[in-house]
Every structure is written in C-alpha cells, then in structure tokens.
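Read through the structure below, which is laid out as structure tokens, and then see the notes.
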Amino acid sequence: MKKRLIISFSLKAICLYSLFPSFVSCTDRKEFEPQEEKVVLEQFYKQQLENTFEELDSIVLTQDIAEKKEHFWKARKAFKTIEPILAFLDFENYNYLNQANLLKIDEEDATDIKIKNPVGFQVIEESLYGDNPDEKALKELIYKTSQRVKFLRKNHSLQFVKPHQVLWMIRDGFLRASLLGVTAFDVPESAQTLQEVSWVYDGVLKIITVYTSEFNQKELVQNWQSQIEGTQKKLATSQFDTFNFYQYYKDDVHSKLKLWQKTVQDWKVTFPFQQAIAYDADNLFANTTFNVGYFMDKPDFKLKQEEVTLGKMLFEDSTLSGNGQLSCASCHKQELFLTDGLAKSPGTNRNSPTLFYAALQKGFFHDKRTGSLQGQIIDVVENPNEFHTNLNTVETKVKEHKTYQEKFQQVFGEEVSNVLIREAIASYIASLSPFSSKFDQSMQSEEVVLTPQEINGFNVFMGKGKCATCHFAPLFNGTVPMAYKESELELLGVPKTKDTIHPVLDDDKGRYNLFKTEQRKYFFKTPTVRNSAQTAPYMHNGVYTNLEEVIDFYNKGGGQGLGFDLEYQTLPFDNLQLTSQEKENLVMFLHTLTDGLK
C-alpha cells in the first residue's frame, strides 16, 4: 500500500457527499414518518458503531500484541461493514477515521497553512504492525479514533433517509470497495485486503435485506444475495498477489451495476442530481461512464459537437498567442497523443502532459496550480513562457476574424467574448475521453480478447505492483473515487538523470513553489497512464524514455530506493520485487490502454 498525503485545498468546496445530511434533514420532518426499515437499519448501524469503539477500547486493555491485533480487526470489521452507510451520511468523518498515515495539509489560505497529524484506523494499523509499537502514542490514537466513533453513534440518524439515498449507499458501497478497497488502498500493513472487501459486501447485502419491502420484484433480492455471495466466495478463496482483478471487474462489478439499474427501475426512483459516475453506467470502462460536467462543476453540462469543433479551431490557432506563432497544439500534437514528444516543452522546465482524459480530474498542471479547465486556459494564455498575452487581447484577435464572429453566433448565439472562448476550448478538451482502447473494448464486449500476458499485467497493476493505489481505475489517474473531488499529489523522488550509480534528485520542487510549504517539496500531480505507451518521455522532467525505465524506478522504491533522503515520500520505498515476467506483462497491459486516434 502506498503512502498518501491527504490534502485539503478548499474547505468551501466540500464534496456533495458531505452535504447529504442537509438533503435528508432540510425538509420539514413532519412530512415523514420513520418507516420500519429505517429503524432496523439505524439499529444495525449504531450497533456496529458501538462494536467498533468497544473493540478499539479493548486494544489498550491488553499487553499481548496478538490480542491487540484481534481487537483491532474486530473493530475494523464492524467499521467496514457499515462503510456504505457512514460514507454516505458523513463523508468527512468517514475520511477522518480511514485516512492515510501521513500529514494532512490545508493550503486553502497561503497566510494560514494548516498541517495536522493523521489519526484513525490506518495509523493504528501501521503502529500495531510496526516494530516496537509506541504504547503511549497508540493509546492516544485509539482514544481519538474511539471518541470520534462514539460521537457519530450519538449524533447520526437514518430516520429521514429516502429510497434514492439508500440506492446511493448500495452502489457507492460496492464501487468504493471495488475501486479502492480491493487494491489495498486503505490496508497498508496487514494483507487483509480481500477480507475487508467481503465485509463491505456484508454491509451492502444488509442494506438490501432491510429494504426488501421496497422491491416489487422479489427475485431481485435473491439475485443480489446470489451475486454477493458468489463474489465473497471468490474473495475467500483468493490471495491478493494472485487475485484475478480482470475477471472481478468484467464479471462481478459490471453484473452488479446492471443489477443496480434494475433495482432503480424496480423502485421507480429518480435522483435529484448527477454523480461522477452516470446512473445508467453498466460498465466502468466506457465513454458514457462518467459525467464530465460533474468534474467541471457544471451539473447540466452537455457536450455539443459544434462547441467542440469551434474549440478545436481555437486550440489550433497560433495567431492567438503573443507572437502569433504558438498555439495550444504546438505542445499538444494530435499525432503524439496530445503531447510534444520532448522531455521538456520549449520555454518551460517540465514535460508536456497529454490532454486525453484531462477533463476527468480536479487539478491541472504538474503542480496542480489550477483547479479547472478554464483556469488552465487562463494560465497558459497569461504565462510569459507560453502565450505571453492576456484574455482581452485574445478576445480582440478572435473578434477580428469574420469566420469566428459567424461561428460564435451560430454556436452560442452571442458575440465573441473571452468567457465563451474559454468555454469552447474547454468543451474540446472535455471531448477527449474516448475509452476506445483495446482494454476498454475487452471490458465492453466478448469480441475483443486480451492475451493472458496482458491480463496478468493488469492484475499486477491492480495488486502486487500497487500502481492502482495512485492511478485509480478506470481513469487510471490520481482523482480519488468515489467522490472524485480530489486529484492527488505525490512525492516520488524523481531523479535528474538516469544515472543510478550517482543519482541526483531533480531540483524542481513542484508544489512547494506555490506556497513554500516545506512538507510539499517535490510533490507533483498523479497523471493518467492511459495512452502512456504513446506519450514518452515520462515523469514531470521527462527523465525516462520508455515504460521499462519507469517501472524499474517504481520497483526499486522511487527516490528512497535510489538513496535520496525524502522524509515525506509517498511512494512505498520498499522494493516491490516484481519478476521480469511481471514487469514485462505490466508494459504489455499499459499498451492495451492506447486509444484509437480519429
């Protein structure tokens, strides 16, 4: 399990999930009478919370390390069983209890940067499974974690939860377990990954069983039970390092998405707003899976071909730059999968990332200095090393072209403005998520077949290689499921050159340059690895020229594996011990993520 730095950039932009309690309580409570299933579900939920804090408290009552671990896992089981409910009711407290063992840094205000030590299950686990646990520190961790659980038990209520919110719990529950939990994202030390996923499925099935009366077609309840029990049997008879993630997604996860859709139809439910994953998605690897408007903070956004076409014209127009010689396409060439093929782009000190799937993230540029597509466009226009101009000048230049005047009237029904220029370019970038690779097609149908080596490469990526704890499927970037409100930054310890005999740390300090936060030196955003076989060279400085070199760097433990002293490195610094065949298969899998260019 990789270490991760938990970063909060804007408490004002808290994900919608954390607002759910207001949705379930803002209506006049007299309109609703608590139904029996709500009472039963709340009793179950609070009993599991009670089990959680009782087992946590029991850890400090024994000196036997085996007994401590036993109490910890009983607490963890109770917690994971109600994960689908807790993550819905109180997303922030769920994250508090399940956060990584790394500093939490809030850079919302440059004059008041907050740095907090982590608490919760992952921190307790690493302490219990480490050498010579610090009893005093462990006791304090357990106290803080237990007190938070007691607070939740006292204050949470399920009495006003509506049917569509129950369906949110169900889908988010099994998808969170399938996109995060199954990869060992939150089980850093103990190798209990697959068991934990099974516990989450226990919780999902409990919700479904409690709400049996909502089903018109009772056979759907039986289908849920059969599917979940079948998945749990696979989990119970598998080992993490050899688990067949490919078949798990293709068979188990996608079948549950289809069953969830049937349940939505059976319950005759409508949803008040869109989530990141579309409600009609029955496959995680399709171009209809994600709502791009969710990522753009435009809930009603719909891609319109005429806007995309206009945006592409502007994207490729070099007359808009300060010297009239540079366009967006100068550094993002179509034939190079929207990169420039150079280690560092002219006039910059960093590698040019692909724009494929760029809209499906919450941070832009290697240092994540902007949080939106439009912010990215503004930065490029005003950057003296790029367009070296300003939005008003760009607007004036566009207005001088009769063709553009006509196009803007046709597309927007308005005159040219810098706002509409940005909207058009953003629409073009938002269209660049095709999900047309061999891997996607194999997930979408039985007609496209991967080789055993390619499948093994995917399984290594998701499991033993720990790649998926940073590059989350199905986007394979650093935007964290299920809220999809944060794109992670990582400290890998990238070297300046390929020299492994006398390695030197690259001197680009990344995120640190924005706020001068010492604990953020050398942090960079996690990009997608989709199309990575076509977007060499790699890393923020373009130091590696092929995928084999990148994999070797990770396999050795990143910068610390090269001998760099990096206190805050988030990449596991232990050797992954991948075999030559596993590394070769991993490269083969990455090649299957190449989209077909049109």
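The values are calculated or read from the model by the stated rules, or taken from the named source; none is laboratory data. The structure presented is a predicted model; accordingly, all values stated were derived computationally and were not measured. No Cβ is skipped: glycine too gets one built from the backbone with ideal geometry, and neighbour counts run over all protein chains shown.
This table checks each residue for (1) assigned to a helix (DSSP H, G or I); (2) under 19 Å from the mean Cα position of the chain (by Cα).
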| position | (1), (2) |
| --- | --- |
| L167 | yes, no |
| D172 | yes, yes |
| A177 | yes, yes |
| F185 | no, yes |
| P188 | no, yes |
| W199 | yes, no |
| L205 | yes, no |
| N216 | no, no |
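Which one is surrounded by the most Cβ atoms within 10 Å (Cβ to Cβ) among residues in segment 120-160 that are within 28 Å of K38 (Cβ to Cβ) and modelled with pLDDT under 95?
Among those that are within 28 Å of K38 (Cβ to Cβ) and modelled with pLDDT under 95, it is F160.
State all residues of segment 548-577 that are surrounded by 20 or more Cβ atoms within 10 Å (Cβ to Cβ), touching a helix residue (DSSP H, G or I) at 6+ places or on another chain (Cβ under 6 Å) and closer than 24 Å to I455 by Cα; if no residue qualifies, say none.
I551
Out of the residues in segment 443-462 that are more than 23 Å from the chain's Cα centre (by Cα) and of a type in the set (V, I, T), which is nearest to T242 (Cα to Cα)?
T451
Take E108 and decide whether it is surrounded by fewer than 19 Cβ atoms within 10 Å (Cβ to Cβ), touching a Ser or Thr at 6+ places or on another chain (Cβ under 7 Å) and acidic (D, E). Steps first, answer last, please.
Numbers: surrounded by fewer than 19 Cβ atoms within 10 Å (Cβ to Cβ): yes; touching a Ser or Thr at 6+ places or on another chain (Cβ under 7 Å): yes; acidic (D, E): yes.
When the stated conditions are applied, E108 passes them.
Would you mind finding the one in L41, L61, L49 that is in a loop (DSSP other than H, G, I, E, B), modelled with pLDDT of 95 or more, out of contact with any Ser or Thr (no Cβ under 6 Å at 6 or more places or on another chain) and not hydroxyl-bearing (S, T, Y)? Outline the logic, then answer.
Details: L41 fails: in a loop (DSSP other than H, G, I, E, B); L49 fails: in a loop (DSSP other than H, G, I, E, B).
So the residue among L41, L61, L49 that is in a loop (DSSP other than H, G, I, E, B), modelled with pLDDT of 95 or more, out of contact with any Ser or Thr (no Cβ under 6 Å at 6 or more places or on another chain) and not hydroxyl-bearing (S, T, Y) is L61.
Condition first: farther than 18 Å from L489 by Cβ and of a type in the set (D, E, K, R). Now tell me which residues in segment 110-151 satisfy that.
Here is the first cut: in segment 110-151, the ones farther than 18 Å from L489 by Cβ are 111-112, 117, 119-151.
Once the filter is applied, which keeps residues that are farther than 18 Å from L489 by Cβ and of a type in the set (D, E, K, R), segment 110-151 yields D112, E125, E126, D131, D134, E135, K136, K139, E140, K144, R148, K150.
Could you tell me whether segment 17-32 includes any residue that is surrounded by 15 or more Cβ atoms within 10 Å (Cβ to Cβ), hydroxyl-bearing (S, T, Y) and modelled with pLDDT of 95 or more?
Filtering segment 17-32 down to residues surrounded by 15 or more Cβ atoms within 10 Å (Cβ to Cβ) leaves 17-18, 20-21, 23-24.
Remaining after also requiring hydroxyl-bearing (S, T, Y): 17-18.
Then keep just the ones that are modelled with pLDDT of 95 or more; that gives none.
Looking for residues that are surrounded by 15 or more Cβ atoms within 10 Å (Cβ to Cβ), hydroxyl-bearing (S, T, Y) and modelled with pLDDT of 95 or more, one finds none in segment 17-32, hence no.
Listed here are the residues, each with its yes/no results for (1) surrounded by 17 or more Cβ atoms within 10 Å (Cβ to Cβ); (2) outside the structural domain of N585 (by TED's automatic domain parsing); (3) in a helix (DSSP H, G or I).
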{"site": "L220", "(1), (2), (3)": "yes, yes, yes"}
{"site": "S226", "(1), (2), (3)": "no, yes, yes"}
{"site": "K250", "(1), (2), (3)": "yes, yes, yes"}
{"site": "P272", "(1), (2), (3)": "no, yes, no"}
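Test each condition in (1) surrounded by 15 or more Cβ atoms within 10 Å (Cβ to Cβ); (2) not β-branched (V, I, T); (3) not in a loop (DSSP other than H, G, I, E, B) for S345 and report the one that comes out false.
Failed condition: (3).
List pairs: first in segment 38-52 and outside the structural domain of V149 (by TED's automatic domain parsing), second among the polar types (S, T, N, Q), Cβ under 9 Å, 6+ apart or cross-chain?
none
Please enumerate the residues belonging to segment 323-334 that are modelled with pLDDT under 95 and assigned to a strand (DSSP E or B).
Matches in segment 323-334: none.
Can you report the number of residues in segment 286-306 which are of a type in the set (D, E) and within 28 Å of the chain's Cα centre (by Cα)?
So in segment 286-306, the residues of a type in the set (D, E) come out as 297, 300, 306.
Then drop every residue that is not within 28 Å of the chain's Cα centre (by Cα), which leaves 297, 300.
Adding up the residues that qualify gives 2.
Taking the criterion of being at pLDDT below 95 and among the aromatic types (F, W, Y), would at least one residue in segment 299-309 satisfy it?
Yes, segment 299-309 has at least one match.
So Y279 clears everything in (1) of a type outside the set (S, T, N, Q); (2) free of Cβ contacts under 8 Å to residues at least 12 places away in the same chain; (3) under 26 Å from F301 (Cα atoms) except one condition, right? Which one?
(2)
Given V448, V419, which one is at pLDDT 95 or above, among the β-branched types (V, I, T) and surrounded by fewer than 18 Cβ atoms within 10 Å (Cβ to Cβ)? Show your work before the answer.
Numbers: V448 fails: at pLDDT 95 or above.
After applying the criteria, what remains is V419.
Among the residues of segment 309-322, what is the count of those that are buried (at least 19 other Cβ atoms within 10 Å of the Cβ) and in a helix (DSSP H, G or I)?
The total comes to 6.
Which of the residues spanning segment 463-476 are in contact with a Ser or Thr (Cβ under 6 Å, 6 or more places away or on another chain) and either in a helix (DSSP H, G or I) or at pLDDT below 95 (or both)?
Hits for segment 463-476 are A468, T469.
Does D297 qualify as being assigned to a loop (DSSP other than H, G, I, E, B), of a type outside the set (V, I, T), crowded, with 16+ Cβ neighbours inside 10 Å and touching a helix residue (DSSP H, G or I) at 6+ places or on another chain (Cβ under 9 Å)?
Working: assigned to a loop (DSSP other than H, G, I, E, B): yes; of a type outside the set (V, I, T): yes; crowded, with 16+ Cβ neighbours inside 10 Å: no; touching a helix residue (DSSP H, G or I) at 6+ places or on another chain (Cβ under 9 Å): yes.
For D297, the condition - assigned to a loop (DSSP other than H, G, I, E, B), of a type outside the set (V, I, T), crowded, with 16+ Cβ neighbours inside 10 Å and touching a helix residue (DSSP H, G or I) at 6+ places or on another chain (Cβ under 9 Å) - is not met.
At pLDDT 95 or above and among the hydroxyl-bearing types (S, T, Y): which single residue out of T111, T81 fits that description? Give the steps one after another, and end with the answer.
Details: T111 fails: at pLDDT 95 or above.
Step by step, each of T111, T81 is checked, and only T81 is at pLDDT 95 or above and among the hydroxyl-bearing types (S, T, Y).
Output yes when any residue across segment 161-184 is closer than 26 Å to L475 by Cβ, buried (at least 20 other Cβ atoms within 10 Å of the Cβ) and among the acidic types (D, E), and no when none is.
yes
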